[in-house]
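Remarks on the structure that follows.
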Amino acid sequence: MKEKLTINQWAEEDRPREKMLEKGIGALTDAELLAILIGSGNTEETAVELMRRVLASCNHNLNELGKLTVEDLCTFKGIGPAKAISICAASELGKRRKLSEITERNQVTCSTDVYNLMHPLMCDLPTEECWVLLLNQSNKVIDKVKISSGGISETSVDVRCVLREALIKRAVSIILCHNHPSGNTRPSKEDDKLTSKMRQAGEYMNINLADHLIVCDGHYYSYVDEGRF
């Protein structure tokens with residue numbers, strides 16, 4: 001039975017650690033970076049080759065890799081729970097880093113600003129969630145709050161809960177955001193009803209509903225951009 005090779009036993013051109021030290025971390029491919037995390041491959045593949053195969057299954061898209069669960073990753077020969085957890089942890093760190101960078105630019109001037117702020121929170125969700133952005137008079141984000149989570153195709157939103165959060169944080173305006181795990185940005189009848197109810201209730205409380213976004217992976221729907229406000 002062949003033994004799997006560790007990184008130190010690979011051919012010199014296949015050693016990502018040495019390549020990083022010699023040429024810098026930017027010279028490494030995605031597969032090489034991931035290979036450093038898992039440390040070894042299987043009896044037929046080095047860690048680099050194994051990670052190339054995993055990435056190929058995700059169309060070489062790191063965002064798609066981030067959607068794989070520990071169980072999904074363990075279906076690949078040479079990846080057990082420990083290696084799978086390392087990969088998932090790296091994906092989560094990348095998402096959190098992106099979110100940290102975005103929160104520094106906390107003024108909302110258009111729907112793209114909202115999408116950039118909320119996409120890292122919603123891109124990997126298997127079910128629907130509804131969030132509200134609370135804004136002050138300068139359209140700066142006071143807070144972002146998850147209002148509800150639900151099933152694959154819908155989530156229930158209580159308008160009173162949204163207004164309560166706005167009142168507590170003294171928000172002047174709010175933006176609703178929810179995701180469609182299906183990837184279809186088209187609003188449902190329920191989405192339209194929620195938008196209408198939220199606008200009417202907000203007007204009564206002198207809290208402006210500035211927009212309602214449906215966030216998907218790579219694209220979004222804005223009620224304001226579509227001329228529906």
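Computed quantities for the displayed model
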{"read-out": "Scan of the range 71-95 for residues that are surrounded by fewer than 16 Cβ atoms within 10 Å (Cβ to Cβ), part of a helix (DSSP H, G or I) and either touching a residue at least 24 places away in the same chain (Cβ under 8 Å) or not charged (D, E, K, R) (or both), ordered by number", "value": "Pro81, Ala82, Ile85, Ala89, Glu92, Leu93, Gly94"}
{"read-out": "Some residue of the range 209-218 being charged (D, E, K, R), at pLDDT below 95 and more than 12 Å from Leu134 (Cα to Cα)", "value": "yes"}
{"read-out": "Residue in the range 200-222 that is within 15 Å of Ile147 (Cβ to Cβ), in contact with a Gly (Cβ under 8 Å, 6 or more places away or on another chain) and touching a residue at least 40 places away in the same chain (Cβ under 8 Å) present", "value": "no"}
{"read-out": "Selected residue (only one of Leu73, Leu93, Leu28, Leu62 is under 30 Å from the mean Cα position of the chain (by Cα), outside the structural domain of Cys216 (by TED's automatic domain parsing), modelled with pLDDT of 95 or more and not small (Gly, Ala, Ser))", "value": "Leu73"}
{"read-out": "Subset tally (residues that are surrounded by fewer than 21 Cβ atoms within 10 Å (Cβ to Cβ) and assigned to a helix (DSSP H, G or I)) for the range 119-132", "value": "2"}
{"read-out": "Selection within the range 96-118 - in a loop (DSSP other than H, G, I, E, B) and among the basic types (Lys, Arg)", "value": "Arg105"}
{"read-out": "Scope the range 27-47; condition part of a helix (DSSP H, G or I), out of contact with any Ser or Thr (no Cβ under 8 Å at 6 or more places or on another chain) and buried (at least 17 other Cβ atoms within 10 Å of the Cβ); matching residues", "value": "Ala31, Glu32, Leu34, Ile36"}
{"read-out": "Output for the range 97-111, where each listed residue is surrounded by fewer than 14 Cβ atoms within 10 Å (Cβ to Cβ) and modelled with pLDDT of 85 or more", "value": "Gln107, Thr109, Cys110"}
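The values are calculated or read from the model by the stated rules, or taken from the named source; none is laboratory data. Here the structure is a predicted model, which is why all the values come from computation and not from measurement. Neighbour counts are summed over all protein chains in view; Cβ atoms, including those assigned to glycine, are modelled from backbone coordinates with ideal geometry.
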